[in-house]
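What follows is a set of notes on a single structure, which appears directly below.
Here, each number is a calculation from the coordinates, and none is a lab measurement. Note that this is a predicted model, so its numbers are computed, not measured. Note that we place each Cβ from the backbone using ideal geometry, even for glycine, and neighbour counts take in every protein chain shown.
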Amino acid sequence: MAPMLLLYLHGFNSSPKSVKAQQMADYLACHYPEITIEIPNISPYPQQAWLQIAAIVARYPEHQLGVVGSSLGGYYATKVNQAFNCPAVIINPAVKPYELLVDFLGENTNPYTQNTFILGEEHIDELRALDCPALVQPETIWALLQTDDEVLDYRQATAKYNAAKLTIEQGGDHAFIGFERYLSDILTFLAFK
């Protein structure tokens with residue numbers, strides 16, 4: 001069996017230290033230490049972020065790839081799914097971040113890293129260029145959604161990923177309350193066990 005790589009992609013203004021990223025890393029370390037996990041500190045600039053992600057995948061040419069992404073990381077995970085033909089699990093994914101992030105044009109500070117960055121119109125264009133409007137093999141995507149997401153409208157995701165596996169929970173929030181309940185099932189979906 002090929003070695004396995006789980007790529008975890010955090011959301012906008014988040015970091016590898018996010019709760020879900022750490023839950024995933026801790027679960028693998030405890031139960032599946034043979035699975036390599038990469039949780040990059042993704043650039044706030046979309047084109048740079050994509051180059052980072054593609055470079056990580058390129059470092060593991062012999063590995064079976066699976067990707068998990070939250071929010072904006074879910075948008076990138078969809079692109080990984082399409083570009084590298086691998087299964088993806090997306091948590092409260094951003095469907096049209098190029099519309100949402102217009103509200104963040106200008107200077108921003110990442111609350112985890114305290115790094116400041118300037119988001120410009122060109123970055124919105126970069127995000128739009130990474131969109132995957134038509135999904136090839138949507139059955140290789142599993143979307144975990146909670147209806148009380150205060151940041152994103154979960155109905156956008158149900159429309160986009162209607163041919164994918166969908167789990168829609170009433171209530172919750174953007175962080176996806178109770179994510180740890182799905183860790184084992186995520187690995188099964190990614191064909192890691």
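Longest exposed-loop-site-free stretch of the chain, with GluC sites (Glu not before Pro), DSSP loop and at most 11 other Cβ within 10 Å?
Numbers: sites that count: 34, 62, 150.
So the longest stretch without any such site is 63-149.
Show the residues, 5+ positions off or on another chain, whose built amide H is closer than 5 Å to the amide H of residue 4.
The list, which skips near neighbours in sequence, is 36, 64.
Note down the net charge around residue 166, summing +1 for each Lys or Arg and -1 for each Asp or Glu among other residues with Cβ under 12 Å from its Cβ.
Combined, the nearby Lys, Arg, Asp and Glu give +1.
Hey, what number do you get for the chain at 222 nm if only DSSP H runs of n ≥ 4 count, each worth -39500 (n - 2.57), divided across all residues, to the nearest 500?
Numbers: 7 runs with 66 residues, N = 193.
Calculated at 222 nm, the ellipticity per residue is -10000 deg cm²/dmol.
With the contact rule set at Cα under 8 Å and sequence spacing of 6 or more, what percent relative contact order holds for the chain?
Averaging sequence separation for qualifying contacts and normalising by length gives 21 percent for the chain.
Counting every Cα pair in the range 126-193, what percent are over 13 Å apart?
The answer is 69 percent, as a whole percent.
Given springs between every Cα pair under 10 Å in a Gaussian network model of the chain, which of 104, 117, 176 has the largest fluctuation?
Taking springs between Cα atoms under 10 Å, the residue moving most is 104.
I need the per residue convex hull volume for the chain, using only the alpha carbons, in cubic angstrom as a whole number.
Dividing the Cα hull volume of the chain by its residue count gives 108 Å³.
Pick out, from 115, 172, 1, the residue whose Cα sits farthest towards the positive end of the charge dipole of the chain, with +1 on the Cβ of Lys and Arg and -1 on the Cβ of Asp and Glu.
In the chain, that residue is 1.
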